[in-house]
Structure formats: C-alpha cells, structure tokens
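Chemist: Quick one: the structure is below, questions incoming.
A short reminder: the numbers here are calculations on the coordinates, not readings from a lab. Just so we're clear, the structure is a prediction, and the values are computed from it rather than from any experiment. Reconstructed Cβ throughout: ideal geometry from the backbone, glycine too, with neighbour counts over all protein chains shown.
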Amino acid sequence: MAESPDLLKYYRLKAGYEDKLAKKKRAIMADRTLSQEEKRRRVARLTGRCPQCKQPGGLRFTRKGTQLVAACAASPQCDFTLTVDRGNEENIRRLEAGVAGEVKRLESDVIRTKLDLLFGYSSQAEAVAHFDGLRPRLKTVGDRLEELRRRYWRTVTRSGDQPALKTARADLAVSRAQLASMDPEAAGAARTAAAVYVDTIRPLVEKIRRLKYARSAVHVEQSEDPAEEVDVLELEPYTLDQLMVPSPPEDD
Ligand SMILES: [Zn+2]
C-alpha cells in the first residue's frame, strides 16, 4: 500500500476539517440557551474556516478524475488549494467489484462460446481460437481477484497482527493471575498490586487495543435529548487509507 505523503496530507486535512465542523455542531446542539428551531438554523448555516485566510466559508473538497482538490470556499476566495493525484490508488472494495465483474463477463463468454459451438453457430476452429484467447485472460483476472480478496481479508481482519496479539493476551493473563494470587494481607501488597497494574496491565491493555484497532478515540456524542451527552469509544479496526491499493495498469 504505497501511500504518497501528499495523499495522507490531503486525508488529514479533510479529516481535521470535518472533525472541527463536527465539534462546532456538537457545541450548538449542547447549548441549552437555544431552542430546537434555533439549533437547526445554526447547524444548517455552519461552515468551517479556510486554514489560510481564516475566513468563514471554509474548504471545498472535490474530485476531478484522479485529482483530489481541496480549495478555499470563502468569499472572496483566497489562493489556498491542495491538489493531490489519487492516480494509481483506488479503494480496494471498488477495485474488487470491478475485477469480479470482469471474471463473470469472461466466464459467460466461455459459456457462450461453448453454446455457439454446440448449436453450430461457430466452427470448431473458431471456438478453439477464441478459447485460446480467453483462457490466459481469465487466469490473469482470476489471479488478480484472488490477490485482491486476500489483501482485503488481511486488512480487515488484521491477520498480520494476530501473533503479537496472542502474546500480549497471554502476558495479560499471567499478570492477572499474579494479581489474583497475591495475599492482600501481606506487607506492601497494595503497592505491589498498583505497580503490576501501572507497569504491566495498563500498557498491555493499551497494546492490545492498538493491535486490534487502527484508530481508537473517545468522542462526545449527542443523544436524542440534546441536553445529554454520551462518551463514545470509537474503534476502527482499519482506516480508509489502509484500503487504498495501487490499481492495475489499464490493459484494455
Ligand atoms: Zn481561504
């Protein structure tokens, strides 16, 4: 997964901008001095600010072909733009769907060729020649599909992290057993327990979370009742960036 630094910069800019907007929205929703009507009106009018000219109006994110563009949307507009070429990067899920469709198309071509031969619409020689062209193409596309699916599976299941995760869980079980077997009456027991917790258990729990989730953050979310806020632990086993893979060279 070759990620250009520019592409990451673009995604970070976009995520940071959207986070800020979401934060403003939450602040409006949490303001108890506002009526529901007023909250709705303010949220609808909400805009971010351009990072360069700091003017309201914010940024506009657009896509032109393979170019991702972030530009100032304030009025008047300043010259802030960030253009990155998404070029040969594509979302693996979209890619998979395209390749799977191509496999299906080739497979029905095989069936059609067989039927044409069977019903005498084509000669044996024609059918063989057509098969000779189809077979390697089907193999190439089939292999590509398998590789994509394997890669997708690895990313979403984080199977590369599984051995480290297993070790961390075993270490955690040992520390917990050590705590459980301690004599609470013994001198310094509380201090030892605290040390085990701070030095071993807490870092292990953190490590396990890092291995299991590509992104974890706590954010405050508004519940149905606007006066009430809930802390939500946001855990993402994989991030969008990780699903970006180089797309194949165009060969048709
Ligand atoms: Zn601007």
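Chemist: Need the list of lysines near Lys14 for cross-linking: C-alpha distance under 20 angstrom, and skip anything on the same chain fewer than eight residues off.
Modeler: Lys23, Lys24, Lys25, Lys54, Lys64
Chemist: Can you tell me the dipole magnitude for region 90-159 around its Cα centre, using point charges on the Cβ only (Lys, Arg +1; Asp, Glu -1), in Debye to the nearest 20?
Modeler: Computed about the Cα centre, the dipole is about 500 debye.
Chemist: Add +1 for every Lys or Arg and -1 for every Asp or Glu among the other residues with Cβ under 9 Å from the Cβ of Ala74, and state the total.
Modeler: Combined, the nearby Lys, Arg, Asp and Glu give +2.
Chemist: When the convex hull of the Cα atoms of region 1-127 is projected onto a plane and the area is averaged over all directions, what value comes out in nm²?
Modeler: Result: 14.5 nm².
Chemist: May I pose another question? Taking just the C-alpha trace of region 90-159, give me its Rg and Dmax in Å.
Modeler: Both quantities, over Cα of region 90-159: 15.9, 52 Å.
Chemist: Something else: Relative contact order of region 16-57, please, whole-number percent, based on alpha carbon pairs below 8 angstrom and at least 6 residues apart.
Modeler: The normalised contact order for region 16-57 reaches 36 percent.
Chemist: Hey, how many Å between the Cα centroid of region 154-208 and the Cα centroid of region 14-30?
Modeler: Here the answer is 36 Å between Cα centres.
Chemist: Still on this structure, please answer the following. How are the C-alpha pair distances of region 6-76 spread across 10 Å bins, as whole percents from the shortest bin up?
Modeler: The calculated distribution, bin by bin, is 19, 42, 28, 10, 1.
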